[in-house]
Amino acid sequence: MKSRGLIIIAAILALLFLLAGWWGLGQQKERQALAEQNEALNSSLNDLQVLKEDLAEEVDSLRVAYESLAEENTALEGSLAEVESRLSQKDAQLRSSRNQNTSQVNGLRAEIQELLATKAALEETIYAIQEENDSLKNLTGRLEADLTQVRADNEALNKMNNTIQDELKRLTLANFKATAFQVEAERRSSKATARSGRTRRIKVTFDLTNVPTEYQGTRPLYLVITNENGVPISSENPLQAQSVVGGQRMDLIAQEAKEVNVGDNQRLSFTHELSEKLDRGFYRASVYTDVGLLGAASFRLQ
């Protein structure tokens, strides 16, 4: 029994010894690992310390560079502000100059436009005056021609009137003749006209005043209208008549005739409706009675 106990005790002791040896070996390995790890950490710490110092130096260098850059930036900002101020002034000056130039340019353009408009108006006025001058020249030429024609017509009319006056003095009775002898060419509306194309009738009016008793009573009156050559104008019903003029019997071709009870004083008239339009020219209207020429007058149709 004792020997078995001893064996067991010896076995337990041997086991404990083995365990102690294994544990001591493990502790030794762990201490060795920790030492190695501590050495590695120390090495890393040294490296970090060196890195820290390097970084500190770099930070100092960066701080110095920053401070230098900050000072430079401040200086640049001052310079930039000055430049911006100058630029603003220049820009203001440029705008002012541009506005002034624009105003001047606009003013010049307005003046140019006004001058162009004035020039155009003057050219138009000159052109109108030239046209008016041409028209006046043409009109003057026509007026001169018309004046020449009028002078010729007046001469012809005066000649005809002189002839009529001579005939009246020679052929009318001294105490039995017409006064206030008037001839008018009338239009369709009975208004007076001098246009041959508008003339529709010839109206003759005259007075017989202080008629001697021997010439009073019923007498025939004849209206004779001739052209400047003494040719009677055409009529639908021309009348053949006779009159004693200057002691001689004269054959007449009258356009109108009437019986009149001649008294001491009266105003008489003839109205002859034209059968054909008369041409331009001079005409003569005469009124006869059976004992002579009572009166005559000339007229002109244009």
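The values are calculated or read from the model by the stated rules, or taken from the named source; none is laboratory data. It should be emphasised that the depicted structure is a prediction, and the values quoted were computed from it without experimental measurement. Neighbour counts run over all protein chains shown; Cβ positions are idealised from the backbone, glycine included.
General remarks:
- Checklist (1) in contact with a Phe, Trp or Tyr (Cβ under 8 Å, 6 or more places away or on another chain); (2) under 21 Å from Gly197 (Cα atoms) applied to Val287, failing item: (2)
- Exactly one residue out of Ala14, Ala65 is of a type in the set (A, V, I, L, M) and at pLDDT 70 or above, and it is Ala14.
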